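Just so it is clear, none of the values below were taken in a lab; they were calculated from the coordinates. All of these numbers come straight from a predicted model, not from anything done at the bench. Heads up, the Cβs are rebuilt from the backbone with ideal geometry, glycines too, and the neighbour counts pull from every protein chain shown.
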Amino acid sequence: MLLLLFLLLSTLANSDGEGTNNSLVLKRTQRDLQNYRLVRGPCDENWFYFPPLNSCYRFFSDKRAWMAAEEFCNQLPHSGHVASVISSIHDNFISDVVGAVDESKPWAWIGLNDRSQEGNFTWIDGSLYSYRNWAQNEPNDRGHNEDCVTIHYSRMNNSSEVEETQQDPGKPDNPCDKNWFYFPTLKSCYRYFCNSRAWQDAEEFCNHLPHYAHLASVISSSHNRFISRVIDTVNSNKPEAWIGLNDICKEGTYMWIDGTDYAYRNWGKGEPNDYGHQEDCVNVNHFRDGTWNDAPCNKKIGFVCSYLLYSN
Ligand code: 2F8
Ligand code: CA
């Protein structure tokens, strides 16, 4: 008995070879904090809308292997993926999507897998692997043969569990506030805000958050990739987003607003160019690839805040 769930882009998955019960889902983008009713919204018929991610989801009860489920999703008109699950609210929503098709809430594939490297779990749509809801003793890589992940919803309590397949990655839970993502190297938390603000307004917005955040600094290529993934969790279209780098004080002398040393650089081709002699603030994703561009500070775009996690 296998079931597939698709959303505008994700699936419930198991190992990459043989399918058991499967589900798929797809997604688009944005955010919020409640439980969500199943509504079609702007989605196609038979799909359900999840406003926080501006994404559409659908459960498919066909039995497919995980990779076949992903390929099925890819070939849908909107080109989706097997679904990622990024929060408990999202988890509840997906449970309801499955339940809308099959009240028994069967096992279904999701997009999580460690096919590339044992124990290194990633979401097939590039979502940040932060939220976790492993069932007890999972992942266990039973028979050294489990690289894909299923989700299951108990009929008893409507709670969801993700079962798997692999060695426990042993990573600590995300110690950041809800909706923030942890970068262990810097013991810092990051969040992308899609509300468009000028650079200085964005920095002040970060400052007024409960943890006194700043616009994010970037110290390495892996850190840059991490920040790109943080943005992706809200908007996978690679929107431009302010980071804390600027040369407001002196043209050509770049500084991070939180005092981080300006050592790592990831400028886009031909940047920074102080285009029109009026570009003193820096964003990522000018070329939709995570590289940096200097741009006018009064330009209104989304931004990434970060705060240091103090452990005392
Ligand atoms: O809008 C400002 C932006 O304009 C161009 O990109 C579309 C410039 N690129 C080149 O001149 C190659 C950016 O540098 C500039 O920030
Ligand atoms: Ca520029």
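Structure summary
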quantity: Relative packing of 233-243, 35-45, 247-257, 201-211, which averages over residues the other C-beta atoms within 10 Å, highest first; calculated: 233-243, 201-211, 247-257, 35-45
quantity: Cα→Cβ-extended label distance, 7 Å offset, between Ser222 and Ser196, nm; calculated: 3.6
quantity: Cut-off under 5 Å, modelled amide H: who pairs with His81 long-range; calculated: Leu9, Ser10, Lys27
quantity: Charge tally in the Cβ shell below 10 Å around Asp280, where Lys, Arg are +1 and Asp, Glu are -1, Asp280 excluded; calculated: -4
quantity: Additional length obtainable on full extension of the chain from Ser104 to Thr185, 0.36 nm per residue less Cα span; calculated: 24.9 nm
quantity: Note, ³J(HN,Hα) from phi for the stretch 58-66, Karplus 6.51, -1.76, 1.60, rounded to Hz, x at Gly and Pro; calculated: 8, 8, 10, 8, 5, 8, 9, 5, 4
quantity: Three semi-axes of the equivalent ellipsoid, the stretch 181-308, Cα gyration tensor, whole Å, largest first; calculated: 20, 16, 15
quantity: Amide H partners (placed H, <5 Å) of Phe59, local residues excluded; calculated: Phe6
quantity: Net charge of neighbours whose Cβ lies under 13 Å from the Cβ of Thr291, counting Lys and Arg as +1 and Asp and Glu as -1; calculated: +1
quantity: The stretch 66-147: trypsin sites (Lys or Arg not before Pro) in DSSP loop, at most 12 other beta carbons within 10 Å; calculated: none
quantity: Segment Asp62-Arg265, length gained on full extension (0.36 nm per residue, minus Cα span); calculated: 68.3 nm
quantity: Distance in nm between pseudo-label sites at Lys238 and Phe205 (7 Å out along the Cβ direction from Cα); calculated: 2.3
quantity: Only Lys, Arg (+1) and Asp, Glu (-1) charged, at Cβ; the stretch 181-308 dipole about Cα centre in debye; calculated: 520
quantity: Net +/- balance of residues flanking Glu240 in space, Cβ distance below 15 Å, scoring K and R +1, D and E -1; calculated: 0
quantity: Computed label-point distance, nm, for sites Phe287 and His144 using a 7 Å Cα→Cβ extension; calculated: 4.3
